[in-house]
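Laboratory data are not the source of any read-out in this text; all were calculated from the coordinates shown. Please read all numbers here as calculations on a predicted model, not as lab measurements. Ideal geometry is used to build each Cβ from the backbone, glycine not excepted, and the neighbour counts take in all protein chains shown.
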Amino acid sequence: MDNAGQIEMLRKAIEIASLDASEIVLPRDHQIIIGSARFHYLDWGGNGHPILFLHGGGLNAHTWDVVALMLRNRYRCIALDQRGHGDSEWSPSIDYGVDTQVGDVEGFVEALKLDNPVLVGQSMGGLNSMGYAVRHSDRMKGLVVVDVGPEINAGGVQRIREFASTPELDSPDAFLDRAVQFNPLRDPTVLRRSLFYNLRQLPSGKWALKHDQRRSSEEASRISTAQRERLAGEVVKIACPTLIVRGALSEVLTDAAAERFAKSLKKARWVRIEKAGHNVQGDNPRDLLDAMRPFLLEIGI
């Protein structure tokens, strides 16, 4: 699909979200080497304060397109395809632990010289942003954690993993049918746009999700779980202003867990976004923006 087609898809997503963008443009695609791996990222341009967006597991940088487009006139919005996702390289050693991914973020922030960034992370990206903040709160302007925390509902996480492990299917339409069943909150037009950026065609002619599904192997999961559990005990070190966002219909993060998470930090509060499940940025970007904008102003950017 050419740029005109992609802009039209984004325009429809903005319209469905009941938002009004002054100008609808696409971000610039870039590649960068961090350590020994190649990463892809989207840069929306501008000279405003940098905001780095980190997507959830099984997703990619384009999950933030609507939110980033609406913020780009005031901030420099950058969204990273994390290792094994989107158009970034897969790990040859199947290393997708939190520690390794936080290292990727550290290298990325340093390479792009992002001064006192705000990190916005959802699900897996939220855990990675928390891990970064544990180490670097003093060099961050703020943190937004979307629908994840030290306490998560294992059943909800498993349901998402099962969907993200969708096998090869015959067509994008077959994936769309599964996506509509999995998330009836989302307009099929928006889901189709998401799949455009998250599917790859195989030499066999079949289609598959772009992310490295080896992430869910028993050994990789064991290592990742151990690191997440350790991170849960370290989040009290997060000292920068923090906004915790919970989707009201989420099966992953509860109100009580979000409140406990907020109370455990020095400078944090939490908000509930109605009409949104785990993927808040896709289900209800308008209300997410309504929660983020006051927070960004409060922290002085």
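Looking at the chain alone, DSSP beta bridges between its own residues are antiparallel in about 35 percent of cases.
With semi-axes defined as the square roots of five times the eigenvalues of the C-alpha gyration tensor, the equivalent ellipsoid of region 46-119 measures 23, 15, 8 Å, largest first. Across region 32-44, rounded Karplus estimates of 3J(HN,Hα) from the backbone phi angles (6.51 cos²θ - 1.76 cosθ + 1.60, θ = phi - 60°) give 8, 9, 10, x, 10, 10, 9, 10, 10, 8, 10, 10, 8 Hz, Gly and Pro being marked x. Listed by chain and number, the lysines whose alpha-carbon sits under 22 Å from that of Lys12, ignoring those within fewer than 8 places in the same chain, are Lys275. Name the trypsin sites (Lys or Arg not before Pro) in region 104-152 that are in a loop by DSSP and that have at most 16 other C-beta atoms within 10 Å, would you? Listed in order of number, the matching sites are Lys113.
Given the choices (i) 40, 25, 17; (ii) 26, 23, 20; (iii) 61, 29, 16, semi-axes √(5λ) of the Cα gyration tensor in Å derived from the coordinates of this structure is entry (ii). Work out the FRET efficiency for Asp290 and Glu259 from their Cβ-Cβ distance, taking R0 = 25 Å, and round it to the nearest 0.05. Efficiency, from the Cβ-Cβ distance: 0.80. Bridging of Lys206 to aspartates and glutamates at a Cα separation below 20 Å is possible for Asp87, Glu162, Glu168, Asp170, Asp173, Asp177, once same-chain residues fewer than 8 apart are set aside. Could you please report the charge total around Val118, scoring K, R as +1 and D, E as -1 over all other residues with beta-carbon less than 13 angstrom from its beta-carbon? Local net charge: +3. Of Lys237/Lys263; Lys113/Lys267; Lys237/Lys267; Lys141/Lys267; Lys141/Lys237, which pairs sit farther than 20 Å apart, going by alpha carbon to alpha carbon? Exceeds cut-off: Lys113/Lys267. Looking at region 25-104 alone, DSSP beta bridges between its own residues are antiparallel in about 60 percent of cases. Here region 23-180 carries DSSP beta bridges of which approximately 40% are antiparallel, counting only pairs with both residues inside.
What is the calculated FRET efficiency for Ala154 to Arg269, with r their C-beta to C-beta distance and R₀ = 30 Å, to the nearest 0.05? It comes out at approximately 0.70. Here the chain is treated with +1 on each Lys and Arg Cβ and -1 on each Asp and Glu Cβ, and its dipole about the Cα centre works out to around 620 debye.
Over the chain, dividing the summed -39,500 (n - 2.57) contributions of all DSSP H runs of at least 4 residues by the number of residues returns a 222 nm mean residue ellipticity of -12500 deg cm²/dmol. Could you work out the local net charge near Asp81, counting Lys and Arg as +1, Asp and Glu as -1, over the other residues with Cβ closer than 15 Å to its Cβ? Neighbourhood net charge equals -1. Once a ≥ b ≥ c are taken as the square roots of the eigenvalues of the Cα gyration tensor of region 13-138, is the result rounded (a/c under 1.5), prolate (a/b larger than b/c) or oblate (a/b not larger than b/c)? Because a/c hits 1.5 or more and a/b exceeds b/c, region 13-138 counts as prolate.
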